[in-house]
């Protein structure tokens, strides 16, 4: 049981380049989330998808777009990368809005924008 | 607004107890969580407590909730080197939300020999 799988694990981009971070879960979870983690700032929610077919902005959505391709997959796109987007990105999923079940996290994508 | 605060660092001696503290602001929070992040890995749910409970114990872990003061703590008994990690406190503000769990900034626990 793989849980939540993120690709790639590492990426270096030049300013202005675009890329898509992929996330897939095999637990039949309804809700999926994208967070970024920066030193001393904890995790900040970028976008989430409460269920297949819906997406909503989180705390820091600017510069990002998302697609909930199907129930399993939730991708995060950077259209024009900026150095401020250098961060570790985590995808997570939950069965029912993340209540007592909490989230299951992927292992992260470490992105550097130069 | 919603906010979760915790100290950034804690250092304890191996074999001692570790106590990690957290304060939160949303009194409507239904569940509160502790997550553990080991180096290079994602967050792993350690334990959670429902807001109508005062305490929850699970082996070496004890969670205490003071709802009046909006204070949550995690006690790790007999701390081992494998407990070195970042510990995140988190709250789930309401039932109706699609569930934006709010995370603190994490407490880095280091173990001294």
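The values are calculated or read from the model by the stated rules, or taken from the named source; none is laboratory data. These numbers were taken from a predicted model, which means no experiment stands behind them. Cβ atoms come from the backbone with ideal geometry, glycine included; neighbour counts cover every protein chain shown.
Observations on the model:
- Scanning the stretch B:63-82 for residues that are under 18 Å from residue B:111 (Cβ atoms) and within 13 Å of the chain's Cα centre (by Cα) yields B:74, B:75, B:76.
- Positions within the stretch B:1-52 being under 27 Å from residue B:82 (Cβ atoms) and not in a strand (DSSP E or B), in sequence order: B:6, B:7, B:8, B:14, B:15, B:16, B:17, B:38, B:39, B:40, B:41, B:42
- Flag if residue A:108 is in contact (Cβ under 8 Å) with a residue 40 or more places away in the chain and either surrounded by fewer than 22 Cβ atoms within 10 Å (Cβ to Cβ) or within 21 Å of residue B:36 (Cβ to Cβ) (or both): yes
- Check on residue B:64, surrounded by 13 or more Cβ atoms within 10 Å (Cβ to Cβ), free of Cβ contacts under 8 Å to residues at least 24 places away in the same chain and in a strand (DSSP E or B): yes
- Condition check for residue B:70: surrounded by 13 or more Cβ atoms within 10 Å (Cβ to Cβ), in contact with a strand residue (DSSP E or B) (Cβ under 8 Å, 6 or more places away or on another chain) and touching a residue at least 40 places away in the same chain (Cβ under 8 Å): yes
- Applying the set (1) over 15 Å from the mean Cα position of the chain (by Cα); (2) more than 17 Å from residue B:43 (Cβ to Cβ); (3) within 11 Å of another protein chain (Cβ to nearest Cβ) to residue A:102 leaves exactly one unmet item: (2).
- Within the stretch B:21-50, being closer than 10 Å to residue B:92 by Cα and more than 10 Å from chain A (Cβ to nearest Cβ) holds for B:26, B:28, B:29, B:32.
- Among the candidates B:113, B:93, B:39, the residue that is touching a helix residue (DSSP H, G or I) at 6+ places or on another chain (Cβ under 9 Å), modelled with pLDDT under 90 and at negative phi is uniquely B:113.
- Scanning the stretch A:1-57 for residues that are surrounded by fewer than 13 Cβ atoms within 10 Å (Cβ to Cβ), free of Cβ contacts under 8 Å to residues at least 40 places away in the same chain and in a strand (DSSP E or B) turns up nothing.
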